[in-house]
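S.K.: Pasting a structure below so you can have a look.
The values are calculated or read from the model by the stated rules, or taken from the named source; none is laboratory data. Here the structure is a predicted model, which is why all the values come from computation and not from measurement. Virtual Cβ from ideal backbone geometry, glycine too; neighbours counted across all protein chains shown.
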Amino acid sequence: MKIALASSDGKRVDMHFGKADQFLIYELPCCCSESCGKKVLIETRAVEPFSDNVKNHDFNQSRFDKVYEAIKDCEKVFVVQIGEMPKAKLEEKGIDTVIYSGSIAGIV
């Protein structure tokens, strides 16, 4: 299973979905390969942040679509925070959101 992590430093999940300018893409263990039991960092995907840095901004479908394209092959996205509309849109498309703040090492 692939997951996307909103991280500014590669060590912690520390970014709001709307402000993330990159997502770390990990493959989680499935116990069907020699990497069983280990998270594997596949790549870092740069994105244009969804948010325009204006408080109470309207939902921007075009900006959302660009971020979605970068993480659409992931089953979950780990973020510190996410707005209601982007969360609902991701879930409509089959991506679960996980609110998490902390070390990437703490994610199974």
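S.K.: Which of the residues spanning the stretch 1-25 are surrounded by 15 or more Cβ atoms within 10 Å (Cβ to Cβ) and hydroxyl-bearing (Ser, Thr, Tyr)?
M.R.: Selection gives Ser7 alone.
S.K.: Might you check whether a residue that is assigned to a helix (DSSP H, G or I) and under 14 Å from Ser7 (Cα atoms) occurs anywhere in the stretch 94-103?
M.R.: no
S.K.: Just checking, how many residues over the stretch 75-108 are exposed (fewer than 12 other Cβ atoms within 10 Å of the Cβ) and either among the hydrophobic types (A, V, I, L, M, F, W, C) or at positive phi (or both)?
M.R.: Count: 3.
S.K.: Among the residues of the stretch 66-93, which ones are closer than 19 Å to Lys2 by Cα and either modelled with pLDDT under 95 or not in a helix (DSSP H, G or I) (or both)?
M.R.: Lys72, Asp73, Cys74, Glu75, Lys76, Val77, Phe78, Val79, Val80, Lys93
S.K.: Moving on to the next point. Scan the stretch 90-108 and report the pairs whose first residue is more than 15 Å from Asp9 (Cβ to Cβ) and whose second residue is in a helix (DSSP H, G or I) and at pLDDT 95 or above, with Cβ atoms within less than 6 Å and a gap of 6+ or a chain change.
M.R.: Thr97/Lys87; Thr97/Leu90
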